[in-house]
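The values are calculated or read from the model by the stated rules, or taken from the named source; none is laboratory data. Every value quoted in this text rests on a predicted model; they were computed, and no experiment measured them. A quick note on method: Cβ atoms are made from the backbone with ideal geometry, for glycine too, and the neighbour counts reach across all protein chains shown. Side chains are part of the model used for accessible areas, which takes the heavy atoms of the whole protein and leaves out ligands, DNA and RNA. Shrake-Rupley method; radii C 1.70, N 1.55, O 1.52, S 1.80 Å.
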Amino acid sequence: ARAAKPERRAASKAKRAFSDRPGLERCRIIPEDAPFVETLILTASQPLIAPSDNDDLKREVGFYDLALTLAREGRNKLTELGEPVRRPKDFFCEMVKSDQHMARVKESLVVQQKKITAVEKRKAEKAQKKYAKQVQAEAEAEKSERKKKRLREIDEWRKESQKRGRDLD
């Protein structure tokens, strides 16, 4: 019984990877020549390009922008066709996701944005500290050079004074 399980897993993975485009086309419910008003199908002219698999925020913003663009395009098409685009004031419907769920999603995105901002702020502060430390080290080195130069000048002056016969000590 244990040997069959990996086989089933492999078979199920193979089934998931299989795509039957011709079969899907035969099962098409909406005819291709149906008017836009009946299908409301819009397709983006360019594919969505996700910046990174790990950056959920940018990916969500990409989906949002794409959906917003297509929604505006659809609204314009419906307006051109003379179709109403607003619900009647007495029309109520259920949303796919609850307001509480969408509030949690928004809160999560805000928290994630705050974290990103905090990390960027820490990086900027670290870079500023590093730069300030470098400037301070340069200033101290310059001060040290000036001090050495003054001491050398004093020594040279003393030696010259001793040569002339004027000992100040």
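When A34 is tested against the conditions (1) among the aliphatic types (A, V, I, L, M); (2) closer than 27 Å to I116 by Cβ; (3) assigned to a loop (DSSP other than H, G, I, E, B), the lone failure is (2). Here I116 passes the criteria (1) open to solvent by less than 90 Å² (accessible area, probe 1.4 Å); (2) out of contact with any Leu (no Cβ under 8 Å at 6 or more places or on another chain); (3) assigned to a helix (DSSP H, G or I); (4) hydrophobic (A, V, I, L, M, F, W, C) except the one numbered (2). Exactly one residue out of E156, E140 is open to solvent by 100 Å² or more (accessible area, probe 1.4 Å) and either in contact with an Asp or Glu (Cβ under 9 Å, 6 or more places away or on another chain) or at pLDDT 95 or above (or both): that is E140. Just one residue in the set L57, L48, L70 is in a helix (DSSP H, G or I), at negative phi and under 20 Å from the mean Cα position of the chain (by Cα); that residue is L57. Among the residues of the stretch 50-68, the one identified as modelled with pLDDT under 75 and either among the acidic types (D, E) or open to solvent by 100 Å² or more (accessible area, probe 1.4 Å) (or both) is D53. Comparison of A1, A10 shows that the only residue that is open to solvent by less than 100 Å² (accessible area, probe 1.4 Å), at pLDDT below 85 and either touching a Gly at 6+ places or on another chain (Cβ under 6 Å) or not aromatic (F, W, Y) (or both) is A10. Considering only residues that are modelled with pLDDT of 80 or more and of a type outside the set (D, E), look in the stretch 23-38 and name the one that is nearest to P84 (Cα to Cα). Among those that are modelled with pLDDT of 80 or more and of a type outside the set (D, E), it is V37. The residues in the stretch 86-116 that are farther than 16 Å from L57 by Cα, within 33 Å of the chain's Cα centre (by Cα) and not acidic (D, E) can be counted, and the count is 6.
Note on the stretch 92-113: residues that are open to solvent by 100 Å² or more (accessible area, probe 1.4 Å) and part of a loop (DSSP other than H, G, I, E, B) amount to 5.
When E125, E120, E80, E107 are screened for being farther than 30 Å from N54 by Cα and either touching a residue at least 60 places away in the same chain (Cβ under 8 Å) or among the acidic types (D, E) (or both), only E80 passes.
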